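The values are calculated or read from the model by the stated rules, or taken from the named source; none is laboratory data. Remember, predicted model here, so these are calculated numbers, not experimental data. Note that we place each Cβ from the backbone using ideal geometry, even for glycine, and neighbour counts take in every protein chain shown.
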């Protein structure tokens with residue numbers, strides 16, 4: 001499901017699974033900076049146009065409610081640049097929950113029903129339907145009661161609609177906790193992406209997630225501790241060549257102005273310009289790269305048969 005409607009899975013092509021085109025982190029009341037993507041969409045169009053000139057065909061925007069998800073604007077950007085966009089849904093983490101969502105006052109089923117309605121009929125009156133749930137996360141290395149409520153709601157919505165779930169799992173072993181909660185709700189681990197795996201580069205953590213059947217995503221390797229970029233590529237190759245090729249994803253998590261090429265960052269083409277050459281140099285085959293950027297995204301984004309509880 002793209003922002004312009006459903007497409008055949010074979011039409012997805014090369015896909016970036018974790019990006020943000022319109023984030024505004026400073027919308028949260030606790031922030032006093034201006035972190036986020038540029039207000040002027042010309043710079044976003046510039047990046048997407050450059051991306052469209054590569055082999056990339058699809059971008060997954062997992063911007064949640066509360067940090068400027070804008071379904072109509074995503075549809076417009078897709079139509080203007082030719083990049084297929086898949087939109088996410090749900091709520092991010094504690095300090096970014098909009099007060100109007102009243103998450104602390106609602107039941108898990110009430111939250112799940114809201115997600116299901118969006119997925120089936122469109123978000124914010126736009127008619128644009130989400131194609132993935134997420135990103136759903138935690139503020140710290142533990143899960144608060146309200147965050148657990150959101151996780152369980154995401155799980156129930158995933159079961160009802162057949163969509164996969166993208167997790168925000170940053171700099172700790174929180175991904176294991178998240179996977180436990182989702183599994184308790186009956187979600188198949190193969191439909192879960194534990195994002196930001198490279199922000200916590202502990203092999204035992206990665207191995208536990210892989211052994212459980214979840215997908216792990218390296219998506220901050222261009223900007224979080226960039227001096228360890230080469231180390232992140234080593235880990236990707238280690239898991240791909242170690243028998244887990246079908247569970248590894250790589251993306252950029254572009255979400256702030258400084259990540260764009262115009263402002264000195266790697267830009268949306270950083271995968272093509274830096275990551276893929278590095279993976280090839282380490283011995284990954286074209287079949288390996290196709291698995292990471294084409295086949296795995298296609299499998300995960302394909303809507304599965306609905307399993308109504």
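A few notes on this one:
- Within the stretch 79-129, the set of residues being surrounded by 22 or more Cβ atoms within 10 Å (Cβ to Cβ), more than 17 Å from the chain's Cα centre (by Cα) and touching a residue at least 60 places away in the same chain (Cβ under 8 Å) comprises 128 only.
- For the stretch 216-227, the count of residues that are in contact with a helix residue (DSSP H, G or I) (Cβ under 7 Å, 6 or more places away or on another chain), farther than 22 Å from residue 23 by Cβ and surrounded by fewer than 18 Cβ atoms within 10 Å (Cβ to Cβ) is zero.
- Qualifying residue in the stretch 136-149 (condition: under 21 Å from the mean Cα position of the chain (by Cα), assigned to a loop (DSSP other than H, G, I, E, B) and either without any contact (Cβ under 8 Å) to a residue 12 or more places away in the chain or within 17 Å of residue 21 (Cα to Cα) (or both)): no
- Residues in the stretch 197-207 that are in contact with a helix residue (DSSP H, G or I) (Cβ under 9 Å, 6 or more places away or on another chain) and either farther than 18 Å from residue 243 by Cα or touching a residue at least 40 places away in the same chain (Cβ under 8 Å) (or both): 198, 200, 201.
- The stretch 7-28: number of residues that are assigned to a loop (DSSP other than H, G, I, E, B) and free of Cβ contacts under 8 Å to residues at least 40 places away in the same chain: 1
- Annotation note: of 138, 161, the sole residue that is under 17 Å from residue 186 (Cα atoms), at pLDDT 95 or above and surrounded by 19 or more Cβ atoms within 10 Å (Cβ to Cβ) is 161.
- Answer residue from the stretch 31-44, given it is over 20 Å from the mean Cα position of the chain (by Cα) and not in a loop (DSSP other than H, G, I, E, B) and is surrounded by the most Cβ atoms within 10 Å (Cβ to Cβ) among those: 43
- Criterion (on the phi > 0 side of the Ramachandran plot and either in contact with a strand residue (DSSP E or B) (Cβ under 9 Å, 6 or more places away or on another chain) or not in a helix (DSSP H, G or I) (or both)) met by exactly one of 283, 243: 283
- When residues of the stretch 164-173 are limited to those that are under 15 Å from the mean Cα position of the chain (by Cα) and part of a loop (DSSP other than H, G, I, E, B), the one surrounded by the fewest Cβ atoms within 10 Å (Cβ to Cβ): 170
- The test for being under 18 Å from the mean Cα position of the chain (by Cα) and either closer than 20 Å to residue 301 by Cβ or touching a residue at least 60 places away in the same chain (Cβ under 8 Å) (or both) holds for residue 63.
- When 210, 233 are checked against the criterion of being in contact (Cβ under 8 Å) with a residue 40 or more places away in the chain and not in a loop (DSSP other than H, G, I, E, B), a single residue qualifies: 233.
Let's see how each residue does on (1) under 21 Å from the mean Cα position of the chain (by Cα); (2) without any contact (Cβ under 8 Å) to a residue 12 or more places away in the chain; (3) closer than 23 Å to residue 37 by Cβ:
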| position | (1), (2), (3) |
| --- | --- |
| 264 | no, yes, yes |
| 269 | yes, no, yes |
| 275 | yes, no, yes |
| 281 | no, yes, no |
| 285 | no, yes, no |
| 291 | yes, no, no |
| 297 | yes, no, yes |
| 304 | yes, no, no |
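- If you go through the stretch 258-277 and keep only what is surrounded by fewer than 18 Cβ atoms within 10 Å (Cβ to Cβ) and part of a helix (DSSP H, G or I), you end up with 258, 261, 262, 263, 273, 274, 277.
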